[in-house]
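Before any comments, here is the structure.
The values are calculated or read from the model by the stated rules, or taken from the named source; none is laboratory data. Computed from a predicted model, the values in this text were never measured in an experiment. Glycine gets a Cβ as well: all are built from the backbone with ideal geometry, and neighbour counts include every protein chain shown. The area values use the complete protein model at the heavy-atom level, side chains included, leaving out ligands, DNA and RNA. Shrake-Rupley method; radii C 1.70, N 1.55, O 1.52, S 1.80 Å.
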Amino acid sequence: MPTATATLSVSFAPSKKPHLSFCPFGATSITLTNFTSPPIRRPMTTSAVSIEKETVISERPHTFLRQTDGEDNGSIRSRFQSMILEMQESVCGALEALDGAGKFKEDAWTRPGGGGGISRVLQDGAVFEKAGVNISVVYGVMPPEAYRAAKASAADQKPGPVPFFAAGISSVLHPKNPFAPTLHFNYRYFETDAPKDTPGAPRQWWFGGGTDLTPAYIFEEDVKHFHSVQKRACDKFDPSFYPRFKKWCDDYFFIKHRGKRRGLGGIFFDDLNDYDQEMLLSFATECADSVVPAYIPILEKRKDTPFNESQKAWQQLRSGRYVYDRGTTFGLKTGGRIESILVSLPLTARWEYDHKPEEGSEEWKLLDACMNPKDWI
């Protein structure tokens with residue numbers, strides 16, 4: 001059977017811990033980082049991880065968990081899977097109800113080595129140009145050379161391959177109306193397992209994710225509403241979360257070659273495991289539950305706003321920025337399911353040579369906000 005190859009990159013940065021990063025859009029992108037500064041800076045090395053090719057199936061399974069994980073044992077794996085499946089149902093239901101015409105197409109897929117996912121896409125509806133809501137629950141193996149490169153203290157122990165588990169939900173929603181903003185959200189959970197016969201290989205876990213807003217035109221009341229919902233979700237757990245994760249989001253979605261952020265931010269976090277695991281599961285669930293109340297009221301106000309060809313062209317120019325996305329880039333490099341990976345892209349986009357909006361115009365105001373992030377609440 002042909003295999004897909006996922007890219008594993010190894011790098012070093014100070015004062016944290018090894019971690020994986022994951023793209024739930026149908027491909028597994030694995031980044032292992034050792035955050036313990038070595039005495040001598042090592043060059044980045046890259047290894048390949050063999051991941052079985054996805055197989056599309058006619059019916060979704062009841063669970064993507066391996067039998068050994070247990071479905072009803074109350075584990076974090078089981079409960080996170082339940083959360084993302086429920087979220088996919090609730091978000092898709094809310095979007096279909098708002099659209100009124102479009103319906104989600106669903107594809108389920110599995111991997112021979114364990115796990116799989118569900119891709120859902122609504123395309124060319126009454127409100128949405130394209131809306132994708134995907135979940136993945138996958139298993140894989142970290143090769144020993146990558147583990148040794150990332151963890152200096154393990155060099156003489158020569159551990160065998162380290163298994164990992166990753167589950168997540170990821171979505172990008174592109175409305176047709178240029179006055180209705182695009183939304184992206186992603187919530188994920190990771191674990192690495194220590195093989196029983198491998199001394200020194202650690203068991204790690206962490207949460208990541210976020211929700212961010214990318215409008216073509218700024219309506220301050222909409223942006224304030226969106227950020228207020230994010231802040232309320234964060235404040236239920238720690239008042240430091242919103243300012244910390246808001247800045248993280250502003251920095252993460254910075255497009256370096258453009259010198260601008262993709263949109264007007266939201267929240268973003270990764271490698272989060274310095275709090276109680278139960279608390280972080282509840283936090284991720286709260287953030288996921290906040291997507292619909294943060295976004296749907298904005299769409300209800302803006303989806304029928306009259307617009308002209310020039311405003312639509314501006315939206316398409318802004319949609320072109322969505323083609324540059326880390327998750328999409330990683331997915332294409334890993335040989336995963338292309339249809340799932342490209343769900344994040346809009347149906348239409350536009351590039352114009354040296355396009356510069358008139359200073360002081362509504363389009364210019366958006367670019368200024370993307371270059372100079374502000375506190376909206």
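Sort 337-347, 360-370, 309-319 by the packing proxy (mean of other Cβ within 10 Å over each peptide's residues), most packed first.
Details: 337-347: 20.1, 360-370: 16.1, 309-319: 17.8.
Top of the packing list down: 337-347, 309-319, 360-370.
Going by amide H atoms built from the backbone, whose H comes under 5 Å of the H on Phe128, apart from near neighbours?
For Phe128, the qualifying residues are Lys176.
Residue by residue through region 281-290, what is 3J(HN,Hα) from phi via Karplus (6.51 cos²θ - 1.76 cosθ + 1.60, θ = phi - 60°)? Round to whole Hz and write x for glycine and proline.
Along region 281-290, the couplings run 5, 5, 5, 4, 5, 4, 4, 5, 5, 7 Hz.
When you count, for each residue, the other Cβ atoms within 10 Å and take the mean per peptide, how do 78-90, 180-192 rank with the highest first?
Values: 78-90: 18.3, 180-192: 24.4.
Answer by packing, highest mean first, reads 180-192, 78-90.
Of Lys130/Lys247; Lys247/Lys301; Lys103/Lys231; Lys256/Lys374, which ones are farther than 26 Å apart at the Cα? Working shown, then result.
Details: Lys130/Lys247 28 Å; Lys247/Lys301 28 Å; Lys103/Lys231 32 Å; Lys256/Lys374 19 Å.
Among Lys130/Lys247; Lys247/Lys301; Lys103/Lys231; Lys256/Lys374, the Cα-Cα distance tops 26 Å for Lys130/Lys247; Lys247/Lys301; Lys103/Lys231.
In the neighborhood of Phe254, defined by Cβ-to-Cβ distances under 10 Å, what is the net charge if each Lys or Arg adds +1 and each Asp or Glu adds -1? Before the final figure, lay out each step's value.
Numbers: positive: Lys256, Arg258, Lys260, Arg261, Arg262; negative: Asp250, Asp251.
That sum, taken over residues with Cβ under 10 Å, equals +3.
In Å², and per residue, what accessible area does region 55-371 have when probed at 1.4 Å with the other protein chains present? Provide the component values of the computation, followed by the final result.
On the way: 13470 Å² over 317 residues.
Here the per-residue accessible area is 42 Å².
How many angstrom lie between the Cα centre of region 250-303 and the Cα centre of region 346-377?
20
Please report the carbon-and-sulfur percent of the accessible area for region 55-371; probe 1.4 Å, protein heavy atoms only, DNA, RNA and ligands left out.
On the way: 6770 of 13470 Å².
Carbon and sulfur together cover 50 percent of it.
Just the Kirkwood number for region 55-371, please: inverse of mean 1/r across all distinct Cα pairs, in Å, one decimal.
On the way: mean 1/r = 0.0479 Å⁻¹.
Mean inverse Cα-Cα distance, inverted, gives 20.9 Å.
Read phi for every residue in region 307-313 and hand back ³J(HN,Hα) as whole Hz from Karplus 6.51 cos²θ - 1.76 cosθ + 1.60, θ = phi - 60°, with x for Gly and Pro.
With coefficients 6.51, -1.76 and 1.60, one gets 8, 10, 5, 5, 5, 5, 4 Hz.
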